[in-house]
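See below for the structure under consideration.
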Amino acid sequence: MRSDSIAPRFGLRLGLLGGAALIAVALFFVLGVPAGAWAFALKFRVGKVVALILVAFAISASTQLFHVTTRNQILTPAIMGFDALYLMIQTGLVYSIGGMATLSIDPVAKFSAEVVAMMVFSTGLFLWLFTAKSRDLHLLVLVGIIFGALFRSLSNFAARMIDPNDFVVVQGEMFARFNAVNLDLLWISILLCAGTVPILWGMRHQFDVLSLGRETAINLGLRYKRVMLISFATIGLLVSVSTALVGPITFFGLLVTHLAYRFLPGARFGVTLIATTLVAIVTLVGGQAIFEHVLGFKGTLSVVIDMLGGLVFLTLLLKGAAK
Amino acid sequence: MKSLSLHMLLALAAIVAMAMLSLTIGAADMSISAVWRGQGDDTLILMASRVPRTLAIILTGISMAISGLIFQMLTRNKFVEPATAGTTESAGLGLLVAVFFLPSAPLIVKMTVAAVFAIAGTVLFLRILDRLPVHEPLLVPLVGLMLGGVIGAVGTFFAYQADLLQYLGIWTTGEFSGVLRGRYEILWITGILAALGYVFADRFSIMGMGKDVSVTLGLNYRGVMWVGLLIVSIISAVVVVTVGTIPFLGLIVPNIVSRMMGDNLRAAVPWAASLGAGLLLLCDILGRVVRAPYEIPIGTIFGVIGSAVFLYLLLGRQSHAIR
Amino acid sequence: MIRINGVSHQIAGMPILSDVTLTLPKGGITALIGPNGAGKSTLLSLMARLTRIQSGSISFDDANVAETPTQELAKRLSILRQDNVLTARLTVQDLVGFGRYPHHKGRPGPNDVKLVNDALEAMALTPLRTRFLDELSGGQRQRALVAMVLAQDTDYVLLDEPLNNLDMRHARQMMIRLQTAARTQGKSFVVVIHDINFAAAYADRIVALKDGRVLATGTPAEIVTPAMLKDIFDLDIVVQQIAGHPFALHQIAPPSTQ
């Protein structure tokens, strides 16, 4: 692999992105702090910025990994029904043990269980399909989406069956919210994300080979099934983290990966991953700084980002990127 | 052919039986015998609420099934229906726009705006379709679902800005409980369009064989394409405005019928119509019985059943649809 | 009579056909031959109005392709393309039945039923008539598609590689069937054919295309000669006479050049 010789070519651009990310973070701390409340604001904002950076990383990495494994750059793991599964677990819990009991469970223990459930779902789906005759990856994605629809309908069904007072517990989880980050889960999220870094970085060359397709990858000696399995498990974990922290966001991953692909054309998986994460940090932290602290909007960023990402997707399709 | 028409009679008898059953179920206490004896309250409930509701269910079932059938012929893809092509979401966006700009306009005006949006969304989908590789049939619904997500994101953004978030729910879950005399009559438009679909059955069958065959057989390809597109879009718009979304109905019914008797629409349309009406009646009865006196929306019930059947279709061993 | 007059065609700036002028008399089989990329399929598409003519004109008898309504043309000429992706789930008889659509517009009469039955019989599909297309082998599906074109019962029939997917027996039967239709019913077939020996054995005339131009027109005896084949395919080919037909032994290099 020539990633070492390639690195200098993109060094400047990565540096620029890094600088922009630093500025975004700085803006987030500085903007709109009321006079004399520095200490308080700083403490409050540190947790938030860390959470946003984690989300930026989780979404970038999972989307990019998804593009490599499905060999299709117009998809995002967020459509695979992960968020719906997350929602169904919440509703199912409230339905079976009640709202108060759900609230009284230790959030870290609950979250750990949810992450495990989602990883089991993604790898299980993959294994099931892989042991079947068809190895069509589009089938896998479509099945994922339909499972999502099934989960969503089941949560709706359960929501109709539970007490309206209990429903409030679930409702808060249904929409993306960047301004009300779930800080209870910060430490475990940091640990989980950190855990994926050695996988992503250590296997970056294998992911490059994987993007050539199944036959070629096997021909080049890759342990295809194993790499795919690790990849899907990692995607499941990363999507869990971001959904738990801020809720479901569908098209953000598309937006940032394609900005990065455009900015660093032809770069390998590892280099692109750094770029994608930096772009995501700039967009998310910078955007939130401006939206929350300057414009005074609460919660609209997720809506704007989703729409922008969606428009990027449409442009891609109309330019024939799917071919 | 004789045994076929016998089956058809049996199917019609089953539908009539379910329609009768559907007339007698409901929150308000009412009995058919009381209507027969001429009791005013019971007659009012029957004529103002129960009959419109049952008729609405039948009309919706028929027209959604037929619009799915036609859509699959136009796109030559077994996984296309209004909800996997962005048509439904476009109609919903149109409804939002109409509610915002023309809040006091009559239903028919709002429906027209929704129809215009639905047509535009469908045209966009078909244009994107031209740019997709033909040999990847599963990519088509993926792209359509993503397109629906994008239009939904635009809708959410608009609703957020216009403070109409509660209206988003209108088109996301189909529900018949609000159907009363005076609010359902617009659905008869779908009945007319479904009949038009039957008149054009041969031409749609030929379109299902592709553009080259159509031209060879002297079909006005563009003209028939537009007829189909208008039928599908307007049916979707009317159903979204009056009832809401019933996901997968337009998808699974044509697939089952296609498996039973093939894609010669002259024969398939009546079957799709009866199966659509029958399934919807059944789900509606279920939704009213499971948690009586409360009601579970039909969109939720059908979401569970429909996605399960779709999964079966996707993963079923002899899935000719995938080829 | 088919008149092709000064037809040129470009795709994305690349010339595919350059000033093709041809006159083909009515009746009989015309074989279109030539190396890959010679423009055979494009020419057939233009003739059948599947692709819009960019310059020049094509007419069948008195009907100009660009000006005649498409429903009218559907009664005069039919085409079977090479890459038929049929996703619709139809039975064989339904498919062949749709070949009659230009004539009955959805209301088949007794004559339509008869012609469909004839076409099924001619392609030996009668036992398979109620089978769905997706239950057939590639060769059976190809025969069903040809039967559909035959059922359309037009004076002119354009076929792009109709022998695709057919085994030896069915390939020979297909060519015999086309020859019979040409001789007894006066039909005109224009057939793109890969196997030059089928062209030599069954065609009344051969048109050789190369690089988008007409290189030669003539009878099989005139075209299937070592000198001509060398011009068309840039290949030294031995030609032998068997039962009155020239046969090109193109699979092997001539002994002298080894």
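The values are calculated or read from the model by the stated rules, or taken from the named source; none is laboratory data. Please read all numbers here as calculations on a predicted model, not as lab measurements. Heads up, the Cβs are rebuilt from the backbone with ideal geometry, glycines too, and the neighbour counts pull from every protein chain shown. Just the protein is used for accessible areas: all its heavy atoms, side chains included, with ligands, DNA and RNA removed. Shrake-Rupley method; radii C 1.70, N 1.55, O 1.52, S 1.80 Å.
Within the range C:174-196, the set of residues being within 23 Å of C:Q251 (Cβ to Cβ) and open to solvent by 70 Å² or more (accessible area, probe 1.4 Å) comprises just one member, C:H194.
A:L75 fulfils the conditions (1) within 14 Å of chain B (Cβ to nearest Cβ); (2) open to solvent by 10 Å² or more (accessible area, probe 1.4 Å); (3) outside any helix (DSSP H, G or I) except for a single criterion, (2).
Within the range A:260-297, being of a type outside the set (G, A, S), farther than 28 Å from A:G32 by Cα and without any contact (Cβ under 8 Å) to a residue 40 or more places away in the chain holds for A:R262, A:P265.
Within the bounds of the range C:15-29, is there any residue that is of a type in the set (V, I, T) and open to solvent by 50 Å² or more (accessible area, probe 1.4 Å)? Yes. Would you mind stating whether A:A260 is under 28 Å from A:R9 (Cα atoms), open to solvent by less than 10 Å² (accessible area, probe 1.4 Å) and in contact with a Phe, Trp or Tyr (Cβ under 6 Å, 6 or more places away or on another chain)? No, not satisfied. The sole residue among A:L301, A:L273, A:L278 that is buried (at least 21 other Cβ atoms within 10 Å of the Cβ), more than 14 Å from chain B (Cβ to nearest Cβ) and touching a Gly at 6+ places or on another chain (Cβ under 8 Å) is A:L278.
Checked against (1) in contact with an Asp or Glu (Cβ under 9 Å, 6 or more places away or on another chain); (2) buried (at least 19 other Cβ atoms within 10 Å of the Cβ); (3) within 17 Å of C:S188 (Cβ to Cβ), C:I4 passes all but a single condition, namely (1).
Quick check: is even one residue across the range B:251-263 over 19 Å from the mean Cα position of the chain (by Cα), within 14 Å of chain C (Cβ to nearest Cβ) and among the hydrophobic types (A, V, I, L, M, F, W, C)? Taking every residue of the range B:251-263 in turn, at least one turns out to be over 19 Å from the mean Cα position of the chain (by Cα), within 14 Å of chain C (Cβ to nearest Cβ) and among the hydrophobic types (A, V, I, L, M, F, W, C). C:A124 passes every criterion in (1) in a helix (DSSP H, G or I); (2) farther than 24 Å from B:M260 by Cα; (3) touching a residue at least 40 places away in the same chain (Cβ under 8 Å) apart from (1).
Okay, residues lined up against (1) surrounded by fewer than 20 Cβ atoms within 10 Å (Cβ to Cβ); (2) in contact with a helix residue (DSSP H, G or I) (Cβ under 9 Å, 6 or more places away or on another chain):
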residue	(1), (2)
A:L14	yes, yes
A:G19	yes, no
A:F29	yes, yes
A:G32	yes, yes
A:F44	yes, no
A:L54	no, yes
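Screening B:L275, B:L286 for residues that are surrounded by fewer than 24 Cβ atoms within 10 Å (Cβ to Cβ) and either more than 25 Å from B:I192 (Cβ to Cβ) or among the acidic types (D, E) (or both) leaves exactly one candidate, B:L286. If you filter the range A:201-240 down to residues that are among the hydroxyl-bearing types (S, T, Y) and within 24 Å of A:L85 (Cα to Cα), you find that the one that is surrounded by the most Cβ atoms within 10 Å (Cβ to Cβ) is A:S240. So, B:A17, is that one aliphatic (A, V, I, L, M), open to solvent by 30 Å² or more (accessible area, probe 1.4 Å) and either modelled with pLDDT under 75 or under 23 Å from the mean Cα position of the chain (by Cα) (or both) or not? So B:A17 fits the description; yes. Only one of the listed residues (B:L126, B:L132, B:L142) is farther than 24 Å from B:W188 by Cβ and at pLDDT 90 or above. That residue is B:L126.
If you go through the range B:210-241 and keep only what is touching a residue at least 24 places away in the same chain (Cβ under 8 Å) and within 10 Å of chain C (Cβ to nearest Cβ), you end up with just B:G210. Count of the range C:42-64 residues, restricted to those that are open to solvent by 10 Å² or more (accessible area, probe 1.4 Å), in a loop (DSSP other than H, G, I, E, B) and in contact with a strand residue (DSSP E or B) (Cβ under 9 Å, 6 or more places away or on another chain), is 6. For the range C:224-248, the set of residues classified as in contact with a Ser or Thr (Cβ under 8 Å, 6 or more places away or on another chain) and aliphatic (A, V, I, L, M) consists of C:V239 only. In this structure, A:A58 does not qualify as of a type in the set (G, A, S), farther than 30 Å from A:R214 by Cα and at pLDDT 80 or above.
Residue pairs whose Cβ atoms lie under 6 Å apart, separated by 6 or more positions or on different chains, with the first residue in the range B:189-207 and under 21 Å from B:T60 (Cα atoms) and among the charged types (D, E, K, R) and the second part of a helix (DSSP H, G or I) and open to solvent by less than 50 Å² (accessible area, probe 1.4 Å), do not occur.
Mind checking whether some residue in the range B:155-162 is open to solvent by 50 Å² or more (accessible area, probe 1.4 Å), within 13 Å of chain A (Cβ to nearest Cβ) and aromatic (F, W, Y)? Yes, the range B:155-162 contains at least one residue that is open to solvent by 50 Å² or more (accessible area, probe 1.4 Å), within 13 Å of chain A (Cβ to nearest Cβ) and aromatic (F, W, Y). For the range B:250-261, check the following and say yes or no: at least one residue is open to solvent by less than 10 Å² (accessible area, probe 1.4 Å), small (G, A, S), touching a residue at least 12 places away in the same chain (Cβ under 8 Å) and part of a helix (DSSP H, G or I). Yes, because at least one residue in the range B:250-261 is open to solvent by less than 10 Å² (accessible area, probe 1.4 Å), small (G, A, S), touching a residue at least 12 places away in the same chain (Cβ under 8 Å) and part of a helix (DSSP H, G or I). Just one of the listed residues (B:S49, B:S63) is among the hydroxyl-bearing types (S, T, Y) and either open to solvent by 10 Å² or more (accessible area, probe 1.4 Å) or outside any helix (DSSP H, G or I) (or both), namely B:S49. Looking across the range C:151-171, the residues that are in contact with a Lys or Arg (Cβ under 8 Å, 6 or more places away or on another chain), away from every other protein chain (no Cβ under 11 Å) and not in a loop (DSSP other than H, G, I, E, B) come down to C:Y156, C:H170. Considering (1) at pLDDT 90 or above; (2) loosely packed, with under 15 Cβ neighbours inside 10 Å, the lone condition that C:I11 does not fulfil carries the number (1).
Conditions (1) within 14 Å of chain A (Cβ to nearest Cβ); (2) open to solvent by 20 Å² or more (accessible area, probe 1.4 Å), marked per residue:
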position: B:L74; (1), (2): no, no
position: B:A85; (1), (2): yes, no
position: B:L102; (1), (2): no, yes
position: B:A120; (1), (2): yes, yes
position: B:R127; (1), (2): yes, yes
position: B:G149; (1), (2): yes, yes
